[in-house]
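Q: Structure in structure tokens, see below.
Coordinate-derived values only; no laboratory data. These numbers come from a predicted model, not from an experiment. Heads up, the Cβs are rebuilt from the backbone with ideal geometry, glycines too, and the neighbour counts pull from every protein chain shown.
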Amino acid sequence: MEKLKLNETPVRTSRNYNINNITLENIKIPENIESFENVEIKGESSKIKIDSKVNNCDLVYGLLDTLTNQVKEHANQKLMVSIDSKTNQEVQIGFTFDNKNSQLIDHIQVESRENTKATVIIKYEAKEGVEAFHNGMIKIHAKKGSEINVILLNLMNLSSNHFMSIENELEEDANLKYTIIDFGGKNSISNYYANLKGNSCQNTLNTIYLGKENQVFDLNYIGELRGEKSNINIEVEGALRDTAKKHFKGTIDFKKGCKKASGNENENCMLLSDTAKSLALPMLLCSEEEVEGNHSSSAGKVGDKELFYIMSRGFEKKEAMKLMVRAKFNKIIENIKNEELKNKVIEEIDKRLD
Amino acid sequence: MAKTKLDEINRNIYDIKNKDEYDFKIKKGLTPEIIEEISKQKDDPQWMREFRLKALEVYNKLELPTWGPDLSELDMNEIATYVRPKTSLNSSWEDVPEDIKNTFDKLGIPEAEKESLAGVGAQYDSEVVYHSMKQELIKQGVIYTDMESALKKYPDLVKEHFMKCVPVYDHKFVALHGAVWSGGSFVYVPKGVKVDIPLQSYFRLNSPESGQFEHTLIIVDEGASLHFIEGCSAPKYNKVNLHAGCVELYVKDNAYLRYSTIENWSKNMLNLNTKKAIVGKNAKMDWVSGSFGSKISMLYPMSILNGEGAKTEYTGISFAGKGQNLDNGFKVVHNAKNTSSVVNAKSISKNGGKCTYRSLVRINENAASSKSSVSCESLMLDDISVSDTIPVNDIRTDEVEFSHEAKIGKISDKTIFYLMSRGLSEEDAKAMIVRGFAYPISKELPVEYAVEMNNLINLELEGAIG
């Protein structure tokens, strides 16, 4: 068992605030990695090809060198997704953890050609009772004018550890839309980094997280704006019940030269119990004059008035709460165009709020 | 379009250097012997001497912060921590030596005392050289004196509160302060007494390669109220000077304290000051803060809302120019039910200056029905400056209303266009926008300080429309 200190913020603040990184006790990073076979791929075509020829494991940030090196040296799933479709085609990659497939070290790389379009759905799901370990790396290179829509689902169970490092590079006029549904894991620790180097490139990141029991979420999102007129929008909606904890660290960094760039970051946390905890560090770093940066952050319980209104329509309190949470999440869930998947997410919300 | 040029603040008044004359200057460095010597020079009681030595031990154990501005240029072996000016404490300006009096005259302190203050304290290097207060307040039982006199006249009151609000192990520079503190003001406002006219202390550091470590201890007893103003400045030298003062404020139940600061240290100063208030039941603590000077500033006033219904408000502005790194902000801990905090922070960066807003809002488990609202805005006036916002929001219970918002940007072209369409020149339009940006802060300051702030901002807008 190890004590891990990981997911460091790009800029440190006082260590008394306990947010520069997260310390996890009693975590075992497996050394002898078993094979993982439960992978389902749907929608592969001549325009979206998937093979195992990944070629880039380097990360600017990442969660921790030990985890990055594990992916470099011991990945038991390597998937290179090459996009050449001009119309929005969809590809799905699903990993299901069970007793025989409980350790996944995956490296997914997505490369788009210029002016292509695609939707990539990546789903991690763990069956109840499995003590799974997941350490994943997703690297996306969105070339000039390409439009990539990524839906990432973390539906792990509450006895698993989920580590995720995500890095994106955006060229001129590229448009990357990321939707993250972050529900599972005893510990769900994720690092998202976007390098908006191309002029007029755009990155939208929408996340919903839902924590229960003693789940811990540590989200470290970093957007670096380099290209002129580049734009990033980060929207995070979450709900915490029982003794769940969430650390949200969001950084929008306007680098010198990103003239007329803009960045917005909005994080809202609904506290569904008086023992749930929300810690947030929404940072704006700015070395360029002609930019517009905004962030907002809020936390609190479900509004009494709204709850009363719904209950006056005949709903029980628990149902009314569920409706409120779903209503908050709805804007982000609507990004999922695949109906089956959308229903799956709604079902998971209901299940996790029961 | 040509760039709008903002000139550096005119510092002529603040940069007046007097000859480095003193009655006693401790040798540079930080050893137990030096601390013993300071204690001896100050004729400390035994407990204070022991306290200083203990604080030095803590200082030696603690590390420099691993975050914020780079403090590597600070070499305590090159700083004299105690400089006693060549005069003792006076209660009449006539008795203050001519050159020191002239300095304070030019800073407008005696004039302000006549016109708009109920009491004044003036510190020069390590000791307070002037202290006085209006008779009415003395009759009401208000105490306003220098810390050294307080230590001798009110030993129990001082011992009960001294560095209890800000313990020496809070951080390295508080420990340093505990070891070498000298000067500062002590205020006690008895129960129910409302001090309507402000008290003001002004801190002036003249001696080069030295530090100022004044201690301000204010107790506003139940139901009482006070407005305290603090000003600070120093002339510029080539080597680093250090300011590591400590402000401890006790705002008892139902009391009110407003603490206003205009900090205008010279550009060779490292300003590592610590300010904290403990706020009682239904009491209110307001901070108004203008930060203009210093090479490096790390200053985060803090309110601990310990009593039910306690409130605090922070209104602050930082203005960083060439070579300045101002890392300022506010901390609040909600530690009882129905507490509330409102933060309104602004910053302006220009000519390569760096402003950072760094903060903490913590709403503890026992602070149900508390509210906190934070707003920070940063204005970038050119593309060589830096502006960062690093706020931590730590919410530990559900029955709260918490919101935080921040904005970074330049002066909006649309607004300039609108004002120009109303007949203003581009320069006037920009000046108006910057003044408007700073107005919510300047309107909270006493008039003479608002004037000083406007002088400090001193927007000499040049540049042409093109």
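Q: Please give the direction-averaged projected area of the C-alpha convex hull for segment B:13-411, in square nanometres with one decimal. Working shown, then result.
A: Numbers: hull surface 73.5 nm².
For segment B:13-411, averaging the hull's shadow over all directions gives 18.4 nm².
Q: Kirkwood hydrodynamic radius for segment A:275-354: how many Å is it when counted over pairs of different Cα atoms?
A: 15.8
Q: So which GluC sites (Glu not before Pro) in segment A:296-326 pass both tests, a DSSP loop state and at most 16 other Cβ atoms within 10 Å of the Cβ?
A: Working: sites: A:Glu306, A:Glu316, A:Glu319; in loops: A:Glu316.
Qualifying residues, ordered by number: A:Glu316.
Q: Using only the alpha-carbon atoms of the protein assembly as shown as identical scatterers, what base-10 log of I(q)/I(0) does the Debye formula give at q = 0.10, 0.11 Å⁻¹?
A: So the normalised log intensities are -1.07, -1.22.
Q: For segment A:93-136, report the convex hull volume of the alpha-carbon atoms normalised per residue, in Å³, without decimals. Don't skip to the end; give the middle numbers.
A: Numbers: hull volume 2.7 nm³, N = 44.
Normalising the Cα hull of segment A:93-136 by residue number yields 61 Å³.
Q: Test of understanding: what is the full-extension gain from B:Glu401 to B:Glu94, defined as 0.36 nm times their sequence separation minus their Cα-Cα distance?
A: Numbers: separation 307, 0.36 × 307 = 110.52 nm, distance 5.47 nm.
Additional length available on full extension: 105.1 nm.
Q: Taking segment A:279-354, which trypsin sites (Lys or Arg not before Pro) meet the DSSP loop condition and have no more than 14 other C-beta atoms within 10 Å?
A: In loop regions of segment A:279-354 (DSSP not H, G, I, E or B), the sparsely surrounded trypsin sites (Lys or Arg not before Pro) are A:Arg313, A:Lys337.
Q: Something else about it: What percentages, rounded to whole numbers, describe P(r) for segment B:315-424 computed over all alpha carbon pairs with 10 Å bin width beginning at zero?
A: 15, 35, 26, 17, 6, 1
Q: Oh, and also: Among the listed pairs B:Lys172/B:Lys410; B:Lys17/B:Lys407; B:Lys27/B:Lys284; B:Lys139/B:Lys295; A:Lys53/A:Lys100; A:Lys277/B:Lys443, which have their C-alpha atoms separated by more than 32 angstrom in this model? Could you put the intermediate results ahead of the total?
A: Values: B:Lys172/B:Lys410 36 Å; B:Lys17/B:Lys407 40 Å; B:Lys27/B:Lys284 43 Å; B:Lys139/B:Lys295 43 Å; A:Lys53/A:Lys100 25 Å; A:Lys277/B:Lys443 37 Å.
Violating the 32 Å limit, Cα to Cα: B:Lys172/B:Lys410; B:Lys17/B:Lys407; B:Lys27/B:Lys284; B:Lys139/B:Lys295; A:Lys277/B:Lys443.
Q: From the Cα trace of segment A:18-105, what convex hull volume per residue do you get, rounded to a whole Å³?
A: 155
Q: Counting helices only, and only those DSSP H runs with n ≥ 4, report the 222 nm mean residue ellipticity of chain B as the sum of -39,500 (n - 2.57) divided by its residues, in deg cm²/dmol to the nearest 500.
A: Theoretical 222 nm ellipticity from helices: -7000 deg cm²/dmol.
Q: What FRET efficiency would be calculated for the residue pair A:Glu37, A:Tyr309, taking the C-beta separation as r and a Förster radius of 51 Å, to the nearest 0.05?
A: Numbers: r = 50 Å, r/R0 = 0.98.
E between A:Glu37 and A:Tyr309, to the nearest 0.05, is 0.55.
Q: Along the charge dipole of segment B:13-411, which of B:Asn238, B:Val374, B:Phe213 sits closest to the positive end, that is, farthest toward it, with unit charges on the beta carbon of Lys, Arg, Asp and Glu (+1, +1, -1, -1)?
A: Ranked along the dipole, the leading option is B:Val374.
Q: Can you tell me how much longer the chain between A:Glu131 and A:Asp350 gets when fully stretched, taken as 0.36 nm per residue apart minus their C-alpha distance, in nm with one decimal? Please report the intermediate quantities before stating the final value.
A: Working: separation 219, 0.36 × 219 = 78.84 nm, distance 2.28 nm.
Length gained, A:Glu131 through A:Asp350: 76.6 nm.
Q: Please average, across the residues of A:268-280, the number of beta carbons from any other chain that are within 10 Å of each residue's own beta carbon, and give a whole number. If you can, show how the numbers build up before the last one.
A: Details: counts 1, 4, 1, 7, 1, 2, 7, 4, 4, 6, 9, 6, 8.
Taking all residues of A:268-280 together, the mean is 5.
Q: Right, another one. Putting +1 on Lys and Arg Cβ atoms and -1 on Asp and Glu Cβ atoms, find which of A:Tyr178, A:Thr13, A:Asn76 reaches farthest to the positive end of the dipole of chain A.
A: The listed residue farthest towards the positive side: A:Thr13.
Q: Can I ask one more? Magnitude of the Cβ-charge dipole of chain B, K/R +1 and D/E -1, about the Cα centre, nearest 20 debye? Walk me through the numbers on the way to the answer.
A: Details: 57 positive and 66 negative charges, 97 e Å.
Its charge dipole is roughly 460 debye.
Q: To the nearest whole number, what is the average tally of beta carbon atoms from other chains within 10 Å of the beta carbons of peptide B:378-391?
A: Working: counts 3, 1, 8, 1, 2, 8, 4, 4, 6, 9, 9, 8, 13, 8.
Taking all residues of B:378-391 together, the mean is 6.
Q: If you bin every alpha carbon distance in segment A:121-191 into 10 Å steps from zero, what whole percent lands in each bin?
A: Bins of 10 Å from zero give 20, 44, 24, 10, 1 percent of pairs.
Q: Return, for the Cα atoms of segment A:1-51, the radius of gyration and Dmax in Å, separated by a comma.
A: 19.3, 54
Q: Along each of the three principal axes of the Cα atoms of segment B:291-340, give the extent in whole Å, ordering the values from largest to smallest.
A: The Cα atoms of segment B:291-340 stretch 44, 14, 9 Å along the principal axes, largest first.
Q: Grab the beta carbon distance between B:Lys159 and B:Glu37, set R0 = 25 Å, and tell me the FRET efficiency rounded to 0.05.
A: Details: r = 23 Å, r/R0 = 0.90.
Using R0 = 25 Å, I get an efficiency of 0.65.
Q: According to the square roots a ≥ b ≥ c of the eigenvalues of the Cα gyration tensor, what is the shape class of segment A:2-302, taking rounded for a/c under 1.5, prolate for a/b larger than b/c otherwise, and oblate for the remainder? Write down the numbers at each step before the final one.
A: Values: a/c = 1.63, a/b = 1.04, b/c = 1.57.
Judged from the Cα gyration tensor, segment A:2-302 comes out oblate (a/c at least 1.5, b/c at or above a/b).
Q: Give me the Kirkwood hydrodynamic radius of segment A:216-255, using the inverse of the mean 1/r over all pairs of distinct Cα atoms, in Å to one decimal. Walk me through the numbers on the way to the answer.
A: Values: mean 1/r = 0.0831 Å⁻¹.
Taking every pair of different Cα atoms in segment A:216-255, averaging 1/r and inverting gives 12.0 Å.
Q: State to the nearest 20 debye the size of the charge dipole of the protein assembly as shown about its Cα centre, where the only charges are +1 on K and R beta carbons and -1 on D and E beta carbons. The partial results should precede the final answer.
A: On the way: 106 positive and 120 negative charges, 137 e Å.
Charge dipole, the protein assembly as shown, about its Cα centre: 660 debye, nearest 20.
Q: Here's a follow-up. For B:62-69, what's the mean count of beta carbons from other chains sitting within 10 Å of each residue's beta carbon?
A: Numbers: counts 0, 1, 0, 4, 5, 8, 4, 0.
Average neighbour count from other chains, rounded to a whole number: 3.
Q: So what is the 222 nm mean residue ellipticity for chain A from helices alone, if each DSSP H run of at least 4 adds -39500 (n - 2.57) and you divide by all residues, rounding to the nearest 500 deg cm²/dmol?
A: Numbers: 4 runs with 51 residues, N = 354.
Result for chain A, helices only: -4500 deg cm²/dmol.
Q: What distance in nm separates the simple spin-label points at B:Asn366 and B:Lys414, each placed 7 Å from Cα in the Cβ direction?
A: Going by the 7 Å Cα→Cβ label model, 4.8 nm.
Q: Run the simple label-point estimate for B:Asp428 and A:Ala327 please: 7 Å along Cα→C-beta, distance reported in nm.
A: Result: 5.1 nm between the two label points.
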